[in-house]
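Peer 1: Handing you a structure now.
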Amino acid sequence: MTSLAGLALPIDWTTFGWPVTPRFGDVTCSTGDPKWAWDGSAPAFAIPTFELPEGLPVDSFTVDHVVLLVPSLDEAIATLSQAGCEPRLRMAVQGRPAAFFRVGPVLEVIESPVRHASIYGLALATDTSLEALALEWRSRNLHVGDVKSAIQPGRQIVTVHGLDAGFAVMSGDRAVGGGP
């Protein structure tokens, strides 16, 4: 099965005190226009791929999920199915049809008024205190929201605003292996 190995987003990872190319679990991130790298063939969306750089591990963090916006959920499911990925769950997310795929981390595919599939952002998971992270990042002059309950029962999330891509950190998922 194909799996997501890398993600480029317009986020300066050093702003958070991480390396230029951090590796969160099995996914290496870099700074740049949205692109992805796959172990195996990438799903046939019009999303650029890139050569995976060497990533430096960031302890205590993994990629929980990547958000992909698509104009048609049914067409996206067909495209992912051709790549060997089947949806694990379908539901509405903030009133929009969505499907969830396991591609290493979770790929959250949301139907949205976009012209073509695009990577919106990602959420990391950690067992580090979200309150402590929020305080540290606010001290770095980042616009960090309050810690709040996530959609997933028993989990919390904190969102960093004012970036050119969606970025959040969630508490670990105790239902699936006890966190990162």
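The values are calculated or read from the model by the stated rules, or taken from the named source; none is laboratory data. Here the structure is a predicted model, which means the values were calculated and not measured. Cβ: placed from backbone, ideal geometry, glycine included. Neighbour counts: every protein chain shown. Remember, those area values only see protein heavy atoms, side chains included, never the ligands or the DNA or RNA. Shrake-Rupley method; radii C 1.70, N 1.55, O 1.52, S 1.80 Å.
Peer 1: Output the number of residues of segment 80-117 satisfying the condition of being over 16 Å from VAL27 (Cβ atoms), open to solvent by less than 50 Å² (accessible area, probe 1.4 Å), outside any loop (DSSP other than H, G, I, E, B) and not hydrophobic (A, V, I, L, M, F, W, C).
Peer 2: 1
Peer 1: Return the only residue of TRP18, TRP38 being more than 16 Å from the chain's Cα centre (by Cα), modelled with pLDDT of 95 or more and open to solvent by 10 Å² or more (accessible area, probe 1.4 Å).
Peer 2: Every option except TRP18 fails the conditions.
Peer 1: Is it the case that CYS29 is in a loop (DSSP other than H, G, I, E, B), in contact with a Pro (Cβ under 8 Å, 6 or more places away or on another chain) and open to solvent by less than 50 Å² (accessible area, probe 1.4 Å)?
Peer 2: Answer is no for this residue.
Peer 1: Tally the residues that are farther than 16 Å from TYR120 by Cβ and not in a loop (DSSP other than H, G, I, E, B), restricting the search to segment 36-55.
Peer 2: Final tally of qualifying residues: 4.
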